[in-house]
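**Student:** The structure under discussion is supplied below as structure tokens; questions concerning it will follow.
The values are calculated or read from the model by the stated rules, or taken from the named source; none is laboratory data. Every value quoted in this text rests on a predicted model; they were computed, and no experiment measured them. Positions of Cβ are generated from backbone atoms using ideal geometry, with glycine treated the same way; all protein chains shown enter the neighbour counts.
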Amino acid sequence: MTTRKNHNSIVFLTTLYLGLVLVGASPQALSFAALTRNFDIQSEIEVKDDLDNKPDNEEIEFFSKDDFPALFAQFLQEIKEEVKSGKVSLPIQTDFYADGEFHKSEFVGGGGSGGGIGSTVSNQDLSLLFQNAIDQKFRPKAFELADFDGKNSKNVKINFEASSTVLSLQISFGKSNAEQFADFLNQEFSSSADLVKNKLTKEIYENTKATSRNNQVFIVTRLPRGSLDALLTDSAK
């Protein structure tokens with residue numbers, strides 16, 4: 001492809017040069033025209049090579065996905081980095097929870113929001129990681145997906161809970177078409193599980209399910225504790 005483009009460019013330059021000679025252009029003009037065209041050709045080649053090296057739109061859309069399993073994987077990576085830096089020691093606490101309940105209201109002339117976060121994580125750095133994940137990762141996404149109820153308010157709940165066998169994350173929020181939305185989420189999680197390459201992220205997608213009850217959507221991830229321990233132990237080597 002590049003060879004053919006270079007050949008076409010040489011033909012174009014020859015034609016351009018002869019045309020300028022016939023109309024009596026000065027040597028300076030001939031040199032400027034050739035250099036300018038050569039620069040344009042080089043730019044075209046560089047742009048094409050850059051585009052060839054970029055993923056297509058579908059890949060960009062997938063890898064920029066910001067759903068709950070992807071956020072969970074990002075959060076576990078943050079814990080891994082803290083273990084590596086020595087701020088969080090292994091083994092991490094066996095039984096704990098970290099949760100938050102938030103609401104947002106919208107009225108003519110103004111609105112408001114509120115809520116709080118609780119945690120029984122004993123390590124301060126790890127507790128802050130959980131609290132920041134709830135507040136900065138999962139809460140905004142939950143509010144983004146939630147619908148306002150009949151009182152013009154949104155309510156979301158986020159809960160991490162750990163035992164010796166599982167680390168679970170449950171997120172709930174109101175949705176007017178809760179059943180259909182839960183079905184849609186399960187289809188998305190299943191498709192992502194088939195596409196993603198990272199073993200842990202794939203496991204998170206495979207262990208995330210959405211259900212509905214009345215006008216509430218519940219998204220639950222149950223990650224076997226062995227997967228989490230293996231991730232953190234690997235980071236400590």
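**Student:** Based on what the data block shows, is K202 modelled with pLDDT under 95, out of contact with any strand residue (DSSP E or B) (no Cβ under 9 Å at 6 or more places or on another chain) and part of a loop (DSSP other than H, G, I, E, B)?
**Tutor:** So K202 does not fit the description; no.
**Student:** Just one of the numbered conditions (1) in contact with a helix residue (DSSP H, G or I) (Cβ under 8 Å, 6 or more places away or on another chain); (2) over 22 Å from S113 (Cβ atoms) is not true of E161; which one?
**Tutor:** It is condition (1) that E161 fails.
**Student:** How many of the residues making up region 150-194 are in contact (Cβ under 8 Å) with a residue 60 or more places away in the chain and loosely packed, with under 14 Cβ neighbours inside 10 Å?
**Tutor:** Here the count works out to 3.
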